[in-house]
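The values are calculated or read from the model by the stated rules, or taken from the named source; none is laboratory data. Model, not experiment: these values are computed from the prediction. Here Cβ is always computed from backbone atoms with ideal geometry, including for glycine, and neighbour counts include all displayed protein chains.
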Amino acid sequence: MDTTADDDALGRSDATELLERLARREVSAAELRAAATARAEAADAHLNAVVRHLEPGAITDAPLPDDAPFAGLPTVLKDNEAVIGHPALSGSWAVPDTPSPASSPFVAHLRRLGLDPIACSTLPEFGITASTESSRYGATRNPWDTARSAGGSSGGSAALVAAGVVPIGHANDGGGSTRIPAAACGLVGLKPTRGRLPDPVGVDRLPVQIVAQGVLTRTVRDTALFYAHADRLAPVPGLPAIGHVTAPGTRRLRVGFCTSGVRGLPISADTIAAVQRTAALCEELGHDVVEVRPPVDDRFAGDFLRFWELMALLLHRGGRSLYGPAFDPTRVEIVTRGLSDRARRNAQALPGALRRLRALARRHEPCFDELDVLVTPVSGHPAPPIGWLGPDVAFRTHLVRLIQFASMTPVQNVSGSPAIALPLGRTADGRPIGVQLGARFGHERTLLQLALALEEAAPWPLTPTAGAVPLVATGVLRG
């Protein structure tokens, strides 16, 4: 607990530097895995972010290629992706503890890239809410302040990446679940264009495909490297190639910024200030910047809520078709049951909501007819205290709080456009505030080029203490 960050093979390196060190044979894949596993065990006593550890060779149906671009790099998997021989519990007591017969297509994709999962990470029940707290796992804590949430729903992965356990972690995003924990934990989180990465199993049954796979990292260059190799491994017909973004772009961009909440929902003063500073920085970098209105009309928030209620209903009442006959709908949590009940009460409003959401999915955000990039908050305010969105909160209170916190990110899930969260702001006591950059469908390259420029102009701390990784090695998370 009193050692320095350089005392194991991971040291202070991000993924890019670790790969360079592997190539120079300064470290080995086995050493990196051992260091990450030791860090995970130590950090979890303070963060509660690990569902289960994975032994070397556990993923027998997706072997690691020796020549893969990320060969030897440890990672973690969110526990809603199937891993052969292990249950994917999705944070719920309703889900049976049944081993998966095969690993998911996305797990196989990560393995083909060479990433080596050492553990499965926490999420709230079914990813329904925006804080990683559940009755099954307990609360996952934020490495920047363990009294606060790590965000959700990919909060377990976010906490482990932020704490220096692994340099890159799996996330997925159906309403902000990559970007919100990135903002809460001071990370980079890109929700890619719809279809850019292999979809989660079953999302093709949804009336609007809102879920995108992704990763969380500490640096923009790591995110850019991941998408360069992922895109090269499985290029998607009809989508522009991202390529390997290694430097800021040279084109003068049309940048809009918005500090207004969807449907007038409140945004905290420090979050507004972070967006305004980012807009000013874009102007200093030579881009044309203008303040704009929210990218969707006031009906969007209600329409997305109707869709979210439908998702909860399908999970609650249709769980046996997804998780097997042992699924127990009586054991879902308060928020899942409450949303499911609302879906039945609001059934008459669903057709109109779906019609409007599908129209947005077809035409994407009209603002990109005039803009290249849109800058907005990631969330209504910084990471809330543990318990604020906990599983025992009364449904109506939970729903109001969820809408206040997580109203800014669902637009890109419906439109399918890419958006990236960057930790460009800070609270008065030094906690991260995320700022979101969005771009038109298929234009991740534009986002990554601007993100690199912003990171270079206003670098953020890579860890929750002055240059120490992991936190568990410095004693910061002690007690």
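Observations on the structure shown:
- Positions within segment 53-95 being surrounded by fewer than 24 Cβ atoms within 10 Å (Cβ to Cβ), part of a strand (DSSP E or B) and of a type in the set (S, T, N, Q), in sequence order: none
- Condition broken by Ile242, with the remaining ones in (1) under 30 Å from Pro69 (Cα atoms); (2) in a helix (DSSP H, G or I) satisfied: (2)
- Residue match in segment 66-76 (condition: in contact with a strand residue (DSSP E or B) (Cβ under 9 Å, 6 or more places away or on another chain) and farther than 16 Å from Val166 by Cα): no
- Filter pass, Pro105 being touching a strand residue (DSSP E or B) at 6+ places or on another chain (Cβ under 6 Å) and either touching a residue at least 60 places away in the same chain (Cβ under 8 Å) or charged (D, E, K, R) (or both): no
- Annotation: of all residues in segment 455-479 being over 20 Å from the mean Cα position of the chain (by Cα) and at pLDDT 95 or above, the one that is surrounded by the fewest Cβ atoms within 10 Å (Cβ to Cβ) is Pro459.
- Filter pass, Arg396 being assigned to a helix (DSSP H, G or I) and either within 23 Å of His316 (Cα to Cα) or of a type in the set (Ser, Thr, Tyr) (or both): yes
This table checks each residue for (1) free of Cβ contacts under 8 Å to residues at least 40 places away in the same chain; (2) more than 17 Å from Val50 (Cα to Cα); (3) β-branched (Val, Ile, Thr); (4) part of a strand (DSSP E or B).
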| position | (1), (2), (3), (4) |
| --- | --- |
| Cys120 | no, no, no, yes |
| Arg136 | no, no, no, no |
| Val161 | no, no, yes, no |
| Val165 | no, no, yes, no |
| Gly176 | no, yes, no, no |
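- Residue selected from segment 301-319 under the condition surrounded by fewer than 21 Cβ atoms within 10 Å (Cβ to Cβ), among the small types (Gly, Ala, Ser) and farther than 16 Å from Gly176 by Cα, by the criterion nearest to the chain's Cα centre (by Cα): Gly302
- Under the condition of being within 10 Å of the chain's Cα centre (by Cα) and of a type in the set (A, V, I, L, M, F, W, C), the residues counted in segment 166-183 number 4.
- Just one residue in the set Gly380, Gly434, Gly425 is of a type in the set (Gly, Ala, Ser), surrounded by fewer than 24 Cβ atoms within 10 Å (Cβ to Cβ) and under 19 Å from the mean Cα position of the chain (by Cα); that residue is Gly380.
- Some residue of segment 121-144 being of a type outside the set (S, T, N, Q), more than 25 Å from Gly434 (Cβ to Cβ) and touching a strand residue (DSSP E or B) at 6+ places or on another chain (Cβ under 8 Å): no
- Restricting Ser268, Ser260 to those that are farther than 30 Å from Cys120 by Cβ, at pLDDT below 95, surrounded by fewer than 22 Cβ atoms within 10 Å (Cβ to Cβ) and polar (S, T, N, Q) reduces the list to Ser260.
- Scanning segment 25-52 for residues that are over 21 Å from Arg218 (Cβ atoms) and in a loop (DSSP other than H, G, I, E, B) yields Arg25, Ser28.
- Residue pairs whose Cβ atoms lie under 9 Å apart, separated by 6 or more positions or on different chains, with the first residue in segment 200-218 and within 17 Å of Ala353 (Cα to Cα) and the second charged (D, E, K, R) and in a strand (DSSP E or B), are Ile210/Asp173.
- Of the residues making up segment 204-229, those that are modelled with pLDDT of 95 or more, under 19 Å from Ala82 (Cβ atoms), out of contact with any Ser or Thr (no Cβ under 8 Å at 6 or more places or on another chain) and outside any loop (DSSP other than H, G, I, E, B) number 1.
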